[in-house]
Amino acid sequence: MKVVVFAEQFTNGSWHVWEHTCSSKEAQAVVDSALERTKGRTLNGQPTHKDFLDSARQMFDVTRGRPGSPSDADTQVYCVCADQVVIGVYEKIRQYAHEITEAHEFVEVALQRTA
């Protein structure tokens with residue numbers, strides 16, 4: 001299973017998008033953690049979307065600073081993609097998609113100017 005984690009990471013005084021494609025061991029750890037979260041809670045043992053997101057947060061969230069004054073490398077996971085399924089916080093995903101679109105448009109304009 002391919003697992004990609006999206007987060008905000010604090011570097012150089014501001015929050016930036018952080019994207020990480022999990023190794024096979026990391027991906028299996030996210031899945032195993034999600035499955036473990038379901039034990040005793042569900043009859044069929046199938047993890048929910050929240051289980052996958054919480055598992056990724058447990059593995060990749062980093063807090064060194066305080067909420068009002070984060071430290072470099074503080075990381076807050078807001079999305080996990082498991083194969084073709086996107087699980088995350090809608091507003092953060094929308095914001096990230098908007099940033100990608102803006103960057104793409106900027107590159108297109110720059111390429112048109114040099115052509």
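Just so you know, all these numbers are worked out from the coordinates, no wet-lab data involved. Just so we're clear, the structure is a prediction, and the values are computed from it rather than from any experiment. Ideal geometry is used to build each Cβ from the backbone, glycine not excepted, and the neighbour counts take in all protein chains shown.
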Compute the signed sum of charges (Lys and Arg +1, Asp and Glu -1) over the other residues within less than 12 Å, Cβ to Cβ, of Lys92.
-> -2
Leading residue at positive end of dipole, the chain (Cβ point charges), from Cys81, Ala103, Asn44 | Asn44
Which helices pass in the chain if a helix is a full DSSP H run, must span at least 18 angstrom along its long axis by Cα, and must have mean Kyte-Doolittle hydropathy not below -1.0?
-> 24-38, 90-114
Interchain or sequence-distant (5+) residues whose placed amide H lies within less than 5 Å of the amide H of Gly65 are Ser71
Two decimals is fine: what is log10 I(q)/I(0) at q = 0.13, 0.16 Å⁻¹ for the chain, from a Debye sum with one equal scatterer on every Cα and no solvent?
-> -0.60, -0.82
